[in-house]
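The values are calculated or read from the model by the stated rules, or taken from the named source; none is laboratory data. The structure presented is a predicted model; accordingly, all values stated were derived computationally and were not measured. Heads up, the Cβs are rebuilt from the backbone with ideal geometry, glycines too, and the neighbour counts pull from every protein chain shown.
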Amino acid sequence: MFVKSCGLFLLLVLQPVAKCAVGQTTAPNANDRLARDLLAELININTTHDHGSTTPAAQAMARRLVAAGFPDSDVQIVGPADSRNQNLVARYRGTGKRRPILLLAHLDVVEALPSDWSVDPFTLLERDGYFYGRGTSDIKDMAALFVAALIRLKQEKFVPDRDVILALTAGEESGGDYNGVQWLLANRRGLIDGVYCINGDAGDPLERNRIPFARNVEASEKVYHDFQLVVTSPGGHSSLPTPDNAIYRLAAALQRLGSYAFPVMLNDITRAYLDRAAATMPPATAGDMHLAARGDSAAQARLSASSPFFNAQLRTTCVATRLEGGHANNALPQTARAVVNCRMLPGHDPDSVLAALGRVVADSAVMVTPLDTARPSPPSPLVPEVLDPVTRISAQLWPGVPVIPNMETGATDGLYLRNAGMPVYGVSGVFLEADDIRAHGKDERIGVIEYSAGGEFTYRLVRSLGGRH
């Protein structure tokens, strides 16, 4: 069992009274060594879309599971025959008393240019109390910890009362030739069909200065939707400018859009987040969070103005992300185009968002059209079967740190599972520094002691959800 050398933590976010020295840790035991070896093996395999492949990573984890005693028939490498990015699906057999559960993590990572990093992104490096490498936090850490938990349970001859399925997939980072979860649902759903999913790619627990303060459980996520704004005009010679300039009209429309805020729309998940996360905030913010959860518009306005995160929790957001126009330096523009990326609340109808954009743009010359098909997914119910063990185990390892349901403002593969009828709960085991999130960025890293504690948490959670026999 992992033991933090500083002992118990108190939940004091801005003024913590207990603090571990950076890098301070206990000597690794056998479980720690296994988890570290698995992480190193995964980090050292380049699984980017353009220069790597997930198949060697899937094969490496398959070999580990088979060596631990999993039958070959329960460890499968699957995916389209013409893809170099395959998925691993493994099944830990139980008694079948209850329906299976699914553990999910993706193996692919975003690109990392070695010239941009101060270390080799594709070689795990331990330095100053951190593990560095592409994918350490997104999310090869959880892929490794899920594998480590299953191997540890197999060594203990643990017999769950349900099958525990592990899926390590390709294509989540939107750079692949296909998405692994979508492919599995369409082609091999029986391999991954569970009563619910624990998704390691969401629900990141957070800390400040190595002091944990929030144990998040993601139960909902926003909906990704792109729109295009286009203005056209006859153009002409730049020496004869006219008032009807495509760039100016588009710029004016974007200015109006930038000043617009969608109305606040709360749901069960965001209300629960506001109420429970208030305990981690200064008194004034906490008071506004409680009031906002109960519909106080003034408090909602103050929270929205205080941070982009609160604003994104309370409403649908749309923001211009790309802009182009004109065709020559000495010609009036014939076309001006912008892309507006929206992150819609789960209950927000895409057609109503399109209509709202049209009203805000307020110019018939600006054509607003969708660039993709929005795929809203329903929030997952906050069931005791998941929340109770997360709360109990968190209290054992991090006393006083609250468990907080939250809504993901980005996007995960949980979208496809929820839309297929499977509830999804984002539960990562590794605490991340709230003010130093490096996923997709330079010198991505996680704490060594945080990774060890995450391994113990993940093992206990999988054991608890599997049932005791």
Out of the residues in segment 221-247 meeting the condition of being out of contact with any Gly (no Cβ under 9 Å at 6 or more places or on another chain) and farther than 30 Å from Leu332 by Cβ, tell me which one is modelled with the lowest pLDDT.
Val223
Scanning segment 338-395 for residues that are closer than 24 Å to Leu314 by Cα, polar (S, T, N, Q) and more than 20 Å from the chain's Cα centre (by Cα), the one modelled with the lowest pLDDT turns out to be Thr373
Over 23 Å from Arg359 (Cβ atoms) and not in a loop (DSSP other than H, G, I, E, B) - does that describe any residue in segment 232-240?
yes
Quick check: anything in segment 429-449 assigned to a helix (DSSP H, G or I) and either polar (S, T, N, Q) or more than 19 Å from Ala170 (Cα to Cα) (or both)?
yes
Within segment 361-388, take every residue that is of a type in the set (Val, Ile, Thr) and in a loop (DSSP other than H, G, I, E, B) and give me the one that is farthest from Tyr196 (Cα to Cα).
Val366
Please determine whether any residue of segment 451-460 is surrounded by fewer than 24 Cβ atoms within 10 Å (Cβ to Cβ), over 15 Å from the mean Cα position of the chain (by Cα) and at positive phi.
no
Residues satisfying the stated conditions in segment 150-175, i.e. basic (Lys, Arg) and either closer than 16 Å to Ile101 by Cβ or in contact with a strand residue (DSSP E or B) (Cβ under 6 Å, 6 or more places away or on another chain) (or both):
Arg162
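The rows are residues; the columns are (1) among the charged types (D, E, K, R); (2) at pLDDT 95 or above; (3) over 20 Å from Leu39 (Cα atoms).
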{"site": "Val78", "(1), (2), (3)": "no, yes, yes"}
{"site": "Ser83", "(1), (2), (3)": "no, no, yes"}
{"site": "Leu88", "(1), (2), (3)": "no, yes, no"}
{"site": "Gly94", "(1), (2), (3)": "no, yes, yes"}
{"site": "Arg99", "(1), (2), (3)": "yes, yes, yes"}
{"site": "Leu102", "(1), (2), (3)": "no, yes, yes"}
{"site": "Leu125", "(1), (2), (3)": "no, yes, no"}
What's the total number of residues in segment 147-166 that are crowded, with 19+ Cβ neighbours inside 10 Å and over 13 Å from Ala57 (Cβ atoms)?
12
Across segment 133-159, what is the number of residues that are over 21 Å from the mean Cα position of the chain (by Cα) and either free of Cβ contacts under 8 Å to residues at least 12 places away in the same chain or closer than 18 Å to Ala170 by Cα (or both)?
2
Taking the condition of being touching a residue at least 12 places away in the same chain (Cβ under 8 Å) and either within 25 Å of the chain's Cα centre (by Cα) or buried (at least 24 other Cβ atoms within 10 Å of the Cβ) (or both), how many residues in segment 93-117 meet it?
15
Which residue, of Gly400, Gly347, is assigned by TED's automatic domain parsing to the domain that holds Ala261 and touching a residue at least 40 places away in the same chain (Cβ under 8 Å)?
Gly347
Subset of segment 209-231, residues surrounded by fewer than 18 Cβ atoms within 10 Å (Cβ to Cβ) and assigned to a strand (DSSP E or B), comes to Tyr224, Asp226, Gln228, Val230
Name every residue in segment 245-272 that is touching a residue at least 60 places away in the same chain (Cβ under 8 Å) and outside any helix (DSSP H, G or I), in order of residue number.
Asn245, Tyr260, Phe262, Met265, Asn267
